[in-house]
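**Student:** Okay, here's the structure, questions in a sec.
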Amino acid sequence: MVYASSYEESPYPGLHPKELLLRHATEKARDVAKHFNSGLVISADTSVLFNGKLLGKPKSPEEAEEMLKLLSGHRFLVVTGLTVLDLDSGVEINELESTTVWMDEISSEQISAYVRTGEPLDKAGAFAVQGKGAAFVKQIEGDFFNIVGLPLFRLGKILQKFGVSIFQEDLP
(Lines give C-alpha, C1' and ligand atoms only; values in the text may rest on other atoms or scores of the structure.)
Protein backbone atom coordinates (compact mmCIF):
# COMPACT_ATOMS: atom_id res chain seq x y z
CA MET A 1 0.00 0.00 0.00
CA VAL A 2 1.22 3.51 -0.80
CA TYR A 3 0.41 6.20 1.75
CA ALA A 4 1.61 9.74 1.12
CA SER A 5 3.32 11.58 3.92
CA SER A 6 2.14 15.05 4.91
CA TYR A 7 5.62 15.90 6.22
CA GLU A 8 6.81 19.29 4.95
CA GLU A 9 10.49 19.16 3.97
CA SER A 10 12.55 21.89 5.63
CA PRO A 11 16.13 22.98 4.85
CA TYR A 12 17.62 22.41 8.38
CA PRO A 13 20.60 24.81 8.11
CA GLY A 14 23.88 23.27 9.15
CA LEU A 15 23.03 19.72 8.11
CA HIS A 16 25.19 18.14 5.42
CA PRO A 17 23.08 17.49 2.29
CA LYS A 18 23.28 13.71 2.79
CA GLU A 19 22.17 14.07 6.42
CA LEU A 20 19.29 16.23 5.22
CA LEU A 21 18.06 13.52 2.84
CA LEU A 22 18.24 10.97 5.64
CA ARG A 23 16.36 13.34 7.96
CA HIS A 24 13.61 13.84 5.36
CA ALA A 25 13.22 10.10 4.75
CA THR A 26 13.05 9.45 8.50
CA GLU A 27 10.49 12.18 9.15
CA LYS A 28 8.32 11.00 6.23
CA ALA A 29 8.35 7.45 7.64
CA ARG A 30 7.48 8.65 11.13
CA ASP A 31 4.65 10.78 9.77
CA VAL A 32 3.12 7.85 7.88
CA ALA A 33 3.63 5.55 10.88
CA LYS A 34 1.13 7.65 12.87
CA HIS A 35 -1.65 6.25 10.66
CA PHE A 36 -0.93 2.54 11.20
CA ASN A 37 -0.69 0.14 14.14
CA SER A 38 1.60 -2.53 12.72
CA GLY A 39 3.75 -3.45 9.73
CA LEU A 40 6.70 -1.86 8.00
CA VAL A 41 6.87 1.71 6.73
CA ILE A 42 9.34 2.38 3.91
CA SER A 43 10.29 5.93 3.02
CA ALA A 44 12.86 7.49 0.71
CA ASP A 45 14.05 10.94 -0.26
CA THR A 46 16.21 11.28 -3.39
CA SER A 47 18.10 14.26 -4.80
CA VAL A 48 21.02 15.06 -7.03
CA LEU A 49 24.14 16.25 -5.21
CA PHE A 50 26.34 18.49 -7.35
CA ASN A 51 29.19 20.64 -6.02
CA GLY A 52 27.89 20.29 -2.47
CA LYS A 53 24.36 21.44 -3.34
CA LEU A 54 21.18 19.37 -3.50
CA LEU A 55 19.14 19.66 -6.69
CA GLY A 56 15.59 18.52 -6.02
CA LYS A 57 12.62 18.72 -8.34
CA PRO A 58 12.54 21.90 -10.44
CA LYS A 59 9.76 24.33 -9.65
CA SER A 60 9.45 25.57 -13.24
CA PRO A 61 10.56 24.74 -16.79
CA GLU A 62 13.15 27.51 -16.50
CA GLU A 63 14.61 25.95 -13.35
CA ALA A 64 14.67 22.55 -15.09
CA GLU A 65 16.68 24.06 -17.95
CA GLU A 66 19.12 25.66 -15.49
CA MET A 67 19.63 22.34 -13.66
CA LEU A 68 20.28 20.47 -16.90
CA LYS A 69 22.75 23.14 -18.07
CA LEU A 70 24.53 22.83 -14.73
CA LEU A 71 24.75 19.01 -14.95
CA SER A 72 25.63 18.88 -18.65
CA GLY A 73 29.06 17.31 -19.17
CA HIS A 74 29.61 16.64 -15.47
CA ARG A 75 29.79 13.83 -12.94
CA PHE A 76 27.50 14.03 -9.92
CA LEU A 77 25.83 11.90 -7.27
CA VAL A 78 22.24 10.78 -6.91
CA VAL A 79 21.73 10.24 -3.19
CA THR A 80 18.78 8.64 -1.43
CA GLY A 81 17.98 8.65 2.25
CA LEU A 82 16.12 5.41 2.99
CA THR A 83 14.17 4.58 6.16
CA VAL A 84 12.43 1.36 7.13
CA LEU A 85 10.41 1.52 10.34
CA ASP A 86 8.98 -1.60 12.00
CA LEU A 87 5.86 -0.48 13.82
CA ASP A 88 5.62 -3.73 15.82
CA SER A 89 9.10 -3.57 17.35
CA GLY A 90 9.82 0.16 17.01
CA VAL A 91 13.10 -0.63 15.25
CA GLU A 92 14.09 1.96 12.66
CA ILE A 93 16.86 1.55 10.09
CA ASN A 94 18.13 4.63 8.24
CA GLU A 95 20.69 4.32 5.44
CA LEU A 96 22.06 6.29 2.52
CA GLU A 97 22.64 5.11 -1.02
CA SER A 98 24.76 7.03 -3.54
CA THR A 99 25.10 6.42 -7.27
CA THR A 100 27.56 8.28 -9.49
CA VAL A 101 26.21 9.58 -12.80
CA TRP A 102 28.17 10.96 -15.74
CA MET A 103 26.01 13.26 -17.86
CA ASP A 104 26.95 13.80 -21.48
CA GLU A 105 27.26 17.30 -22.93
CA ILE A 106 23.75 18.47 -23.76
CA SER A 107 23.09 21.28 -26.22
CA SER A 108 20.72 24.11 -25.36
CA GLU A 109 18.38 22.87 -28.10
CA GLN A 110 18.32 19.36 -26.61
CA ILE A 111 17.67 20.75 -23.14
CA SER A 112 14.78 22.92 -24.36
CA ALA A 113 13.23 20.06 -26.32
CA TYR A 114 13.55 17.71 -23.34
CA VAL A 115 12.01 20.20 -20.92
CA ARG A 116 9.08 20.72 -23.34
CA THR A 117 8.24 17.01 -22.94
CA GLY A 118 7.37 17.76 -19.30
CA GLU A 119 9.33 14.74 -18.08
CA PRO A 120 11.96 16.62 -16.06
CA LEU A 121 9.49 18.73 -14.09
CA ASP A 122 8.84 16.19 -11.33
CA LYS A 123 12.29 14.58 -11.21
CA ALA A 124 15.20 15.39 -8.91
CA GLY A 125 17.93 17.00 -10.97
CA ALA A 126 15.42 17.51 -13.81
CA PHE A 127 16.03 14.21 -15.59
CA ALA A 128 14.50 10.73 -15.63
CA VAL A 129 17.03 7.99 -16.26
CA GLN A 130 14.13 5.57 -16.80
CA GLY A 131 12.66 7.81 -19.51
CA LYS A 132 13.83 10.12 -22.26
CA GLY A 133 16.51 11.53 -19.95
CA ALA A 134 18.40 8.25 -20.36
CA ALA A 135 19.70 9.63 -23.66
CA PHE A 136 21.88 12.08 -21.70
CA VAL A 137 23.39 9.60 -19.23
CA LYS A 138 26.82 8.48 -20.42
CA GLN A 139 27.65 6.19 -17.49
CA ILE A 140 26.55 5.22 -14.01
CA GLU A 141 28.37 3.59 -11.15
CA GLY A 142 26.16 2.05 -8.50
CA ASP A 143 22.51 1.13 -8.16
CA PHE A 144 20.49 2.12 -11.23
CA PHE A 145 17.28 1.95 -9.21
CA ASN A 146 18.66 4.55 -6.81
CA ILE A 147 18.61 7.04 -9.67
CA VAL A 148 14.97 6.14 -10.29
CA GLY A 149 14.29 6.96 -6.62
CA LEU A 150 14.28 3.71 -4.63
CA PRO A 151 17.54 1.78 -4.12
CA LEU A 152 16.09 -1.72 -4.40
CA PHE A 153 19.28 -3.62 -3.58
CA ARG A 154 19.80 -1.71 -0.31
CA LEU A 155 16.09 -1.95 0.50
CA GLY A 156 16.22 -5.72 0.04
CA LYS A 157 19.17 -5.95 2.45
CA ILE A 158 17.33 -3.86 5.05
CA LEU A 159 14.18 -5.96 4.69
CA GLN A 160 16.26 -9.09 5.33
CA LYS A 161 17.28 -7.58 8.68
CA PHE A 162 13.57 -7.56 9.56
CA GLY A 163 13.18 -11.16 8.39
CA VAL A 164 11.31 -10.19 5.25
CA SER A 165 12.13 -11.80 1.92
CA ILE A 166 11.01 -10.18 -1.30
CA PHE A 167 10.34 -13.71 -2.53
CA GLN A 168 7.65 -14.52 0.04
CA GLU A 169 4.56 -15.83 -1.72
CA ASP A 170 2.15 -13.99 0.54
CA LEU A 171 3.39 -10.52 -0.38
CA PRO A 172 0.85 -8.45 -2.35
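The values are calculated or read from the model by the stated rules, or taken from the named source; none is laboratory data. All of these numbers come straight from a predicted model, not from anything done at the bench. Cβ atoms come from the backbone with ideal geometry, glycine included; neighbour counts cover every protein chain shown. All accessible areas refer to the heavy atoms of the entire protein, side chains included, with ligands and DNA or RNA removed. Shrake-Rupley method; radii C 1.70, N 1.55, O 1.52, S 1.80 Å.
**Student:** Given the options Leu49, Leu20, Leu40, Leu54, name the one that is open to solvent by less than 30 Å² (accessible area, probe 1.4 Å), farther than 14 Å from Glu95 by Cβ and in contact with a helix residue (DSSP H, G or I) (Cβ under 9 Å, 6 or more places away or on another chain). Before you say what the answer is, go through the steps one by one.
**Tutor:** Working: Leu20 fails: in contact with a helix residue (DSSP H, G or I) (Cβ under 9 Å, 6 or more places away or on another chain); Leu40 fails: open to solvent by less than 30 Å² (accessible area, probe 1.4 Å); Leu54 fails: open to solvent by less than 30 Å² (accessible area, probe 1.4 Å).
Answer to the selection: Leu49.
**Student:** Out of the residues in the range 51-61 that are in a strand (DSSP E or B) and without any contact (Cβ under 8 Å) to a residue 60 or more places away in the chain, state the one that is farthest from the chain's Cα centre (by Cα). Before the answer, list the steps.
**Tutor:** Keep residues of the range 51-61 that are in a strand (DSSP E or B), which gives 53-55.
Then drop every residue that is not without any contact (Cβ under 8 Å) to a residue 60 or more places away in the chain, which leaves 53-54.
Working: Lys53: 15, Leu54: 11 Å.
The extreme case among them is Lys53.
**Student:** Testing Phe127 on (1) open to solvent by less than 20 Å² (accessible area, probe 1.4 Å); (2) over 14 Å from Thr46 (Cβ atoms); (3) in contact with a Leu (Cβ under 7 Å, 6 or more places away or on another chain), one condition comes back false. Which one is that?
**Tutor:** (2)
**Student:** I would also like to ask the following. Applying the selection to the range 114-132, what residues are farther than 28 Å from Gln160 by Cα and out of contact with any Ser or Thr (no Cβ under 9 Å at 6 or more places or on another chain)?
**Tutor:** Going through the range 114-132, the residues farther than 28 Å from Gln160 by Cα turn out to be 114-128, 131-132.
Answer for the range 114-132, where residues must be farther than 28 Å from Gln160 by Cα and out of contact with any Ser or Thr (no Cβ under 9 Å at 6 or more places or on another chain): Tyr114, Val115, Arg116, Thr117, Gly118, Glu119, Pro120, Asp122, Lys123, Ala126, Phe127, Ala128.
**Student:** Where the second residue is among the basic types (Lys, Arg) and the first is outside any strand (DSSP E or B) and lies in the range 27-49, which pairs have Cβ atoms under 6 Å and are six or more apart or on separate chains?
**Tutor:** none
**Student:** Find the residue count for the range 150-165, including only residues that are under 28 Å from Lys59 (Cα atoms) and open to solvent by less than 20 Å² (accessible area, probe 1.4 Å). Outline the logic, then answer.
**Tutor:** Of the residues in the range 150-165, the ones under 28 Å from Lys59 (Cα atoms) are 150-152.
Right, trim to open to solvent by less than 20 Å² (accessible area, probe 1.4 Å) and you get 151.
So the answer is 1.
**Student:** Does the range 104-111 include one or more residues that are assigned to a strand (DSSP E or B), open to solvent by 50 Å² or more (accessible area, probe 1.4 Å) and at pLDDT 95 or above? Outline the logic, then answer.
**Tutor:** Keep residues of the range 104-111 that are assigned to a strand (DSSP E or B), which gives none.
There is no residue in the range 104-111 that is assigned to a strand (DSSP E or B), open to solvent by 50 Å² or more (accessible area, probe 1.4 Å) and at pLDDT 95 or above.
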